[in-house]
C-alpha cells in the first residue's frame, strides 16, 4: 500500500514536471506588468530588472545593491527573499525566473553542449558579497563594478528596450553601457553551449535560494533504499550531479528532471526523513 | 528520537522572513533631504534700482535671474513697500526639506536612482520634487 502511494506520488510529480515550461511562461506574464501597475514598492522574488518598461515589481538584487550604496538594510527585499526561499527554495529559479526562461530557451538550440564544473557555483557567493553588497557599500552606485552596471538582465530587459524606445520616439538616444551589453552577449552565446551559465556560475539571487534549499518547505528527497547505483541521475541532471548525497546541491534549480529516477522524489520539510539522503 | 531539524529550520526561516517584511513595510523609514522649488516674495531695496536696468545689484548671484514681473515703468502707483524704499519681487528658490520616507517608497526611489548618500552620510533626493527621472542611472 505504501509503495502504491509512493508510485502515485511519483507519477503526479512527473506530471507536474512536464508543466514547467508553461509555469515559466505564466510567471513571465505576471512579471511583465500586464495590468500596468508598476508596483515598484514591492520586490518580486525573481531576477527581472525594474527599469524594464514592463516590470511589475522591483528587482530584489537591485534593491539590495542600492540599499547597500545608501548604507541601509532592505528589510522588505530580504524578507521577500527569505519567505520565497523558505517556501520553495530553488523552485523559484527553475519555475518562475524570466532570465532563467531565456537561458532554457537558448539551451534548446541544438548545439554541442558542455557542463560547467560544480565549483563554478561558488562564484555566485563572490558576486553576492562583492558586487551586490561590498562594492556598493564602499564605493557607491557610481562604481564600474556596482552590480546593476554589469547586470545582463538589466542590459536585456531595460537598457536595450529603452534604447530602442528612445530611438523610435526621436528623443536623444542614451546608449547602454558597453560592459553590461558585452556581458549579456557573452552569456547569450554561452547559453547556447552550456545549460543556464548565468544561473550556474554568477547569479546572486540563485545563491540565496540555494542556501534555503536544505530548509525549505518543498525539498528534494533521495531514497537510498530505492537506488540501484545506475548513476543515471547524473545524465538526467543538467548540472551533471549525482543525486546521492547531492540532492539539494547549490546549483540545483529543482527542474525535477531527476525525479525520472525512482529514488528521487519531492517532499516537504515535515515529511518522514528515514531512508532519505 | 531524532530532533526534527528541517521543520524547525523552515519555521524559523519563514518567521524571520515574515518579520523582516512586516518591519520593512510598516516601521522602517529613513530621513531623506528633498530639494524643493518654492516661490517666495522678497523685498529689494529700491536704492539699487534704475529704470530699465532690472532689479538688484548687477552681477549679484544671490538674487538669481529675474523671474518676477517685467521692470515696472514707474507709471503705476507706489505700494506701501515701495513707499518705504523696498520693492516686492517673486523669486524661485531651492530649499532643502527633510522628509521621512518609508522603506516601500525607498524601494521605488532607488529603482530610478532617486536617492543618494551625501558626503556627510545623510540621504538626499537626487531630483527636484515632482520631477523624478524616468530611468535608473545605470
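Annotations for the structure displayed:
- Translational diffusion coefficient of region A:166-277 (Stokes-Einstein, Kirkwood radius from Cα pairs, 20 °C, 1.002 mPa s): 130 µm²/s.
- Among A:73, B:100, A:133, sorting on how many other beta-carbon atoms sit within 10 Å of each Cβ, with the fewest leading, yields B:100, A:73, A:133.
- Note: region A:1-108, Cα convex hull, 130 Å³ per residue.
- Efficiency of FRET from Cβ geometry, residue A:272 and residue A:114, R₀ 30 Å, rounded to 0.05: 0.20
- Remark on region B:77-138: hydrodynamic radius 14.9 angstrom, per the Kirkwood mean of 1/r across alpha carbon pairs.
- Where labels lie 7 Å past Cα in the beta-carbon direction, separation of residue A:145 and residue A:73 in nm: 2.6
- Here the simple spin-label model places points 7 Å from the Cα toward Cβ, and for residue A:226 and residue A:164 these points are separated by 4.4 nm.
- In terms of surrounding Cβ atoms within a 10 Å radius of their Cβ, A:72, A:168 rank from fewest to most as A:168, A:72.
- For region A:43-155, the Rg and Dmax computed from alpha carbons only, in angstrom: 15.1, 46
- For the protein assembly as shown, alpha-carbon Rg over 2.2 N^0.38 Å: 1.32
- Taking label positions 7 Å along the Cα-Cβ direction at both residue A:182 and residue B:3, the computed distance is 5.1 nm, reported to one decimal.
- Rg ratio for region A:76-118: its Cα radius of gyration over 2.2 N^0.38 Å, N being its residue count, equals 1.53.
Taken together, the values in this text are just the output of simple stated rules run on the coordinates, not laboratory data. Since we're looking at a predicted model, the values are computed, not measured. Positions of Cβ are generated from backbone atoms using ideal geometry, with glycine treated the same way; all protein chains shown enter the neighbour counts.
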